[in-house]
Amino acid sequence: MTNEATQPHQRQGNTPENEIATLGGGCFWCLEGALTQLAGIHSILPGYTGGHVDNPDYDSVCSGETGHAEVIQARFDPAVIDYRTVLEAFFTIHDPTTLNRQGNDVGTQYRSVIFTHDSRQEAIAKALIAELTAAHIWPDPIVTAVLPAPTFWPAENYHRDYFAKHPEQPYCQIVTHPKVIKLRQAFASRLKK
């Protein structure tokens with residue numbers, strides 16, 4: 001079965017005007033809804049990566065059988081917001097200490113993971129995790145994996161801008177909206193005007 005997206009996205013290099021961050025931290029509606037608030041983020045595309053099946057769809061990923069994580073691929077201008085700041089926002093809006101879950105969302109598809117696009121991103125991600133670990137921000141150890149970015153499969157069109165289009169949906173109210181508020185408070189000076 002094919003999803004509504006037409007083509008997978010292979011690993012792509014970053015340019016001075018356009019960098020890519022691929023992040024998994026629970027439901028992609030939450031990550032997209034929150035991170036899209038940041039100045040310098042050009043676009044966010046929800047999708048699936050890290051699995052062993054080509055052309056996964058939402059139902060197969062939710063089954064936990066494909067090995068994919070729900071992720072977002074954020075394209076941003078590193079002159080406006082750097083990769084480390086994107087990662088700091090990512091760690092602000094999800095719990096990086098729960099293995100294969102975020103709140104009531106349970107399964108490997110909800111794992112905390114950073115898929116890096118080059119060795120610089122890998123070094124930044126690992127250094128930030130080491131700093132956060134040393135700061136003892138959470139009572140439990142950080143379980144966020146840092147892995148090279150494999151093929152990214154865009155999610156079905158109805159997942160795109162989900163929070164913006166469905167703010168009254170119960171999941172969005174109960175789970176996504178608090179993450180958006182948390183990001184807006186923690187990154188007030190970095191928000192889009």
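The values are calculated or read from the model by the stated rules, or taken from the named source; none is laboratory data. Bear in mind the structure is a predicted one, so any value in this text is a computation, not a measurement. So basically every Cβ, Gly included, is an ideal-geometry build from the backbone, and we count neighbours across all protein chains shown.
Descriptive notes on the structure:
To keep it simple, each residue is scored yes or no on (1) within 29 Å of HIS52 (Cβ to Cβ); (2) touching a strand residue (DSSP E or B) at 6+ places or on another chain (Cβ under 6 Å).
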| site | (1), (2) |
| --- | --- |
| ILE114 | yes, yes |
| ASP118 | yes, no |
| GLU122 | yes, yes |
| LEU128 | yes, no |
| ALA134 | no, no |
| ILE142 | yes, no |
| ASP161 | yes, no |
| HIS166 | no, no |
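- The residues of segment 51-81 that are over 15 Å from GLU32 (Cβ atoms) and outside any loop (DSSP other than H, G, I, E, B), listed by number, are ASP59, SER60, VAL61, CYS62.
- Residues of segment 34-53 satisfying the condition of being among the small types (Gly, Ala, Ser) and under 23 Å from ARG111 (Cβ atoms): ALA34, GLY47, GLY50, GLY51
- Pairs, first free of Cβ contacts under 8 Å to residues at least 60 places away in the same chain in segment 146-161, second assigned to a strand (DSSP E or B), C-beta under 6 Å, six or more apart: VAL146/ILE114
- Wholly within segment 82-193, strands (runs of 3 or more DSSP E) carrying at least 2 residues that are closer than 19 Å to CYS27 by Cα and in contact with a Gly (Cβ under 8 Å, 6 or more places away or on another chain): 112-116, 152-154
- Scanning segment 138-162 for residues that are within 17 Å of GLN102 (Cα to Cα) and not hydroxyl-bearing (Ser, Thr, Tyr) yields TRP138, PRO139, ASP140, PRO141, ILE142, VAL143, ALA145.
- One residue stands out among those in segment 156-193 that are farther than 15 Å from HIS94 by Cα and among the aromatic types (Phe, Trp, Tyr): the one that is surrounded by the most Cβ atoms within 10 Å (Cβ to Cβ), which is PHE163.
- PHE152 being out of contact with any Asp or Glu (no Cβ under 9 Å at 6 or more places or on another chain), at pLDDT 95 or above and either closer than 20 Å to GLY47 by Cβ or aromatic (Phe, Trp, Tyr) (or both): yes
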